[in-house]
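For reference, the structure is listed below as structure tokens.
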Amino acid sequence: MIKIAPSILAADFTRLGEDIDSIKTADLLHFDVMDGVFVPNISFGLPVIKDVRRVTDMPLDVHLMIKFPGKYIGKFCDLGADIVVLHVEAEEPWEIKKGIREVKAKGKKVGLSVKPGTPVSELEPYAESLDHILIMSVEPGFGGQGFMPEALPKIEEAAALVNRLGIKCDIEVDGGINRVTARQCENAGATILVAGSSVFHAADRAEEIMILRGN
Ligand code: DX5
Ligand code: ZN
């Protein structure tokens with residue numbers, strides 16, 4: 001069964017607790033951290049994860065769209081992240097490797113993400129250590145964008161890499177996921193779908209989560 005990770009970037013921050021409660025049937029909570037440098041937008045960070053951790057026991061899937069993530073990995077882990085996803089474009093290879101080691105040393109799951117323009121092959125040097133591969137199906141920085149179909153062969157390529165290596169690694173897809181693209185991504189090999197707008201803008205969020213799961 002494919003897993004659904006609603007992105008709180010699409011939530012109403014004046015009622016974040018209620019919004020999180022409204023999607024508690026989902027599998028993970030996706031947390032889009034943006035620094036205005038790595039991506040042209042600023043979202044939220046450490047104080048928010050600290051408070052969100054107090055109100056939910058859902059796994060927190062923290063997507064770091066920030067330059068120099070290595071400086072903040074430990075803090076996100078200590079404040080309650082269950083999964084920390086770095087961008088392969090954000091740092092030098094030795095820093096990415098160091099970040100991966102740090103997340104695992106904290107007992108958390110680690111993921112690596114590629115932007116639409118970055119080939120999946122960039123992940124190969126790290127793949128054996130990963131619990132998640134995050135394929136961006138939009139340019140990172142904003143919710144509500146249209147799904148980029150060129151992500152589909154990248155999902156297939158990531159799934160083939162995971163199979164070839166014989167590792168247990170989720171293939172997560174992020175951006176523009178709706179009732180149509182959810183099935184396309186699942187057929188291509190996705191195991192987790194991030195969904196912001198399609199869940200939080202739905203009249204019945206629990207029902208939308210079920211539909212995206214393919215129920
Ligand atoms: C974009 C974020 C995505 C985005 C998803 O940079 O990484 O997680 O919030 O939002 P939707 O589902 O609305 O495309
Ligand atoms: Zn994201």
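The values are calculated or read from the model by the stated rules, or taken from the named source; none is laboratory data. Everything numeric here is computed off the predicted structure, so don't read it as measured data. Cβ sites come from the backbone with ideal geometry, for glycine too, and all protein chains shown count toward neighbours.
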Qualifying positions in the range 175-209 - within 16 Å of ligand 2 (Cβ to nearest atom) and in a loop (DSSP other than H, G, I, E, B): Gly175, Gly176, Ile177, Asn178, Ala190, Thr191, Gly196
Top-ranked residue of the range 2-48 - restricted to ones that are under 25 Å from Asn187 (Cα atoms) and aliphatic (A, V, I, L, M), ranked as farthest from ligand 1 (Cβ to nearest atom): Ile2
Test: residue in the range 61-78 that is buried (at least 20 other Cβ atoms within 10 Å of the Cβ), aliphatic (A, V, I, L, M), touching a Gly at 6+ places or on another chain (Cβ under 6 Å) and not in a loop (DSSP other than H, G, I, E, B): yes
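Looking at the range 1-25 only, could you name the residues that are surrounded by fewer than 16 Cβ atoms within 10 Å (Cβ to Cβ), at pLDDT 95 or above and in a loop (DSSP other than H, G, I, E, B)?
Matches in the range 1-25: Asp12, Lys24, Thr25.
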In the range 139-172, residue farthest from Ser121 (Cα to Cα) [restricted to those that are within 13 Å of ligand 2 (Cβ to nearest atom) and within 12 Å of the chain's Cα centre (by Cα)]: Pro140
Tally of residues being aromatic (Phe, Trp, Tyr) and within 13 Å of ligand 2 (Cβ to nearest atom) across the range 1-40: 2
